[in-house]
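For reference, the structure discussed in these notes is given below.
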Amino acid sequence: MVSQLCNVNLDEPILSHIRADYPSLRQDMSVQEALESIRRVGIGERIVYFYVLDDDKRLVGVVPTRRLLTAEPEKSLSEVMISKVVSIPNTATILDACEIFVMYRFLALPVVDEQRRMIGVVDVSLFTEEVFDFAERQQYDTVFESVGVHIEQVKGASPLKAFYFRFPWLLATISSGTICALLASVYETTLAQAIALAFFLTLVLGLGESVSIQSMMVTLHMLRMSKPSLRWYLNALHREARTAVYLGAASGVIVGLFALVWRGAALVALAIGSGILLSICSACLIGLSIPVLLHTLKLDPKIASGPITLALADIFTLLCYFTMAAILL
């Protein structure tokens, strides 16, 4: 099977490569009962971890072999198991599984369904060095796609053809830049009242773009691992909103304190800090929502998300920044 993966399509479902010979143990067992069960039932090949299931066959924990063998016999498995289990969803592809292995460095990972019922196991021997290299090359493609370019389209293309593929997405940047210029002119009076606001424009835009791209990349990864729904989106929105508040508050306090020390104007520093907080929150929302919207519309979120997210992030970043300044000043 490993030799077949040298030429494998990394978009192939991981379900076609799972192993069913995994050892499972009941949650209510003691260590002694677990060891007796293992001796009686036997174990499959290349066993590194023992997976603990509840009465409904849902995965609730994992026990490394060393921990099981060294634990006191009278202890229950729930006491010695690791309850936070990294798993692979049954909707994952080989590329998704490869990324999880690279991220967590485990020797094997369980595959579970939507109810966390265990389906099988994938171990690291599935992935040859060629597969990891191929996965890394696909990550390069993802970087290009995030800015609106298929690398296969522009690789080796003539200058005119490269222009044809790349320029339409630059129009998004031109459009957002023009709108940002118009927004700045609308708030010309506010800028005149506190010229320090202009000093931090580049920083504020950079923060908004960085946060929006971070959120977008996380969302794209989640879309590959699960099927989005309204409930899924609301849960992701709640999680991303809390992260945005933390990021915005930390960034706003740091920049606001710097502005206060530098310019000595407390109200201006407050306007800058609160503007950064609000703009980062909007950037996170955009980074989450644009890929989900494009996915819902059956468009390719990997290609279209980057330019659209950056364009909207710039516009809403300036709008939040200037609005807070106008309110407070």
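Only the coordinates and a few stated rules stand behind these numbers; no lab work does. What you are looking at is a predicted structure, and each value in this text was computed from that prediction instead of being measured. As a convention, Cβ positions derive from the backbone with ideal geometry for all residues, glycine included, and neighbour counts pool all protein chains shown.
If the chain linking Val41 and Leu267 were pulled fully straight, counting 0.36 nm for each residue of separation and taking away their Cα-Cα distance, it would gain 74.2 nm. Each of Tyr246 and Leu328 was given a label point 7 Å from its Cα along the Cα-to-Cβ line. The distance between the two points is 2.3 nm. Going from the residue with the fewest nearby Cβ atoms within 10 Å to the one with the most, Phe200, Phe106 rank Phe106, Phe200.
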